[in-house]
């Protein structure tokens, strides 16, 4: 009798094939749902990022009233009005007289937690960075996030010389125009921003000098 009950119970259990099939169907449905939601929300996310980027351009380039997107290709800058951005894109800013003020340059690199994305204003005629905005960061709240919350740290980028190279010093030790005061307790994040700027300038310095 007991054996009959066990056999009956085993017969009612789903086979491994059915379990795999059920899991596969569930995974497929979940994947379709995720892709559908992504496709629906992508235009909104893209539009929002474009808005944030545009607003940041005016912040990092004081005195600008008009901007123009450019793409570096075939050895020179070319106007590009597409919504697509890549690591060869940047923005020129012009004043009320339609004279070039400088360039807003997107750049990114690894931080302590994840990728840090920034936008900085650069005047090639003066070889100065004149503003910096953090566009993307997942740095530690209360520490690493000071790269965009700490007013003193942001002040470093109002007139930062790029020559011979941007260097970081301990907070309060800044004595040269190419130095950045680190954030106390967030040295790694501070170093990350400096490294991103130096790497970006290695790419753009000669390009922009030749475009003057």
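Rounded, prolate or oblate: which one fits the range 86-212, using the alpha carbon gyration tensor with axes a ≥ b ≥ c (rounded when a/c is under 1.5, else prolate when a/b beats b/c, else oblate)? Walk me through the numbers on the way to the answer.
Details: a/c = 1.87, a/b = 1.53, b/c = 1.23.
It comes out prolate by the Cα gyration axes.
The shape of the range 114-179 comes out oblate: with a ≥ b ≥ c from the C-alpha gyration tensor, a/c is at least 1.5 while a/b does not beat b/c.
From the coordinates of this entry, semi-axes √(5λ) of the Cα gyration tensor in Å is computed, and it appears in (1) 25, 20, 17; (2) 37, 18, 16; (3) 50, 24, 14 under the label (3). Tell me the angle of helix 16-60 to the major Cα principal axis of the chain, expressed in degrees between 0 and 90 and rounded to the nearest ten. It works out to around 20 degrees. Inter-part distance, the range 132-177 to the range 50-109, computed on C-alpha centroids, equals 22 Å. Of 94, 103, 122, the residue with the greatest mean-square motion in the GNM of the chain, using alpha carbon springs below 10 Å, is 94. In the chain, helical runs assigned H by DSSP with n ≥ 4 each contribute -39500 (n - 2.57); averaged across all residues and rounded to the nearest 500, the mean residue ellipticity at 222 nm is -14500 deg cm²/dmol.
Helix 2-12 and the longest principal axis of the C-alpha atoms of the chain enclose an angle of approximately 40°. For the options 96, 180, 193, a Gaussian network treatment of the chain with springs between C-alpha atoms closer than 10 Å singles out 96 as fluctuating the most.
To the nearest 10 degrees, how steeply does helix 187-211 sit against the main Cα axis of the chain, on a 0 to 90 scale? Roughly 60 degrees, rounded to the nearest 10. Sorted ascending by nearby beta carbons within 10 Å, beginning with the fewest, 134, 52, 57 become 52, 134, 57.
Highest mobility in the GNM of the chain, judged by mean-square fluctuation with C-alpha springs under 10 Å and restricted to 196, 32, 129, is found for 32. For the listed peptides 166-173, 184-191, 114-121, a ranking on the average number of other beta carbons within 10 Å per residue, highest first, reads 114-121, 184-191, 166-173.
Over the chain, what is the percentage of antiparallel beta bridges among all DSSP beta bridges, to the nearest 5?
Numbers: 31 of 34 bridges.
Percentage antiparallel, nearest 5: 90.
Averaging the sequence gap over all C-alpha pairs within less than 8 Å and six or more residues apart, then dividing by the number of residues, gives the chain a relative contact order of 13 percent.
Bear in mind that the values in this text are calculations on the coordinates, not laboratory data. The structure displayed is predicted, hence computed values, not measured ones. Cβ atoms come from the backbone with ideal geometry, glycine included; neighbour counts cover every protein chain shown.
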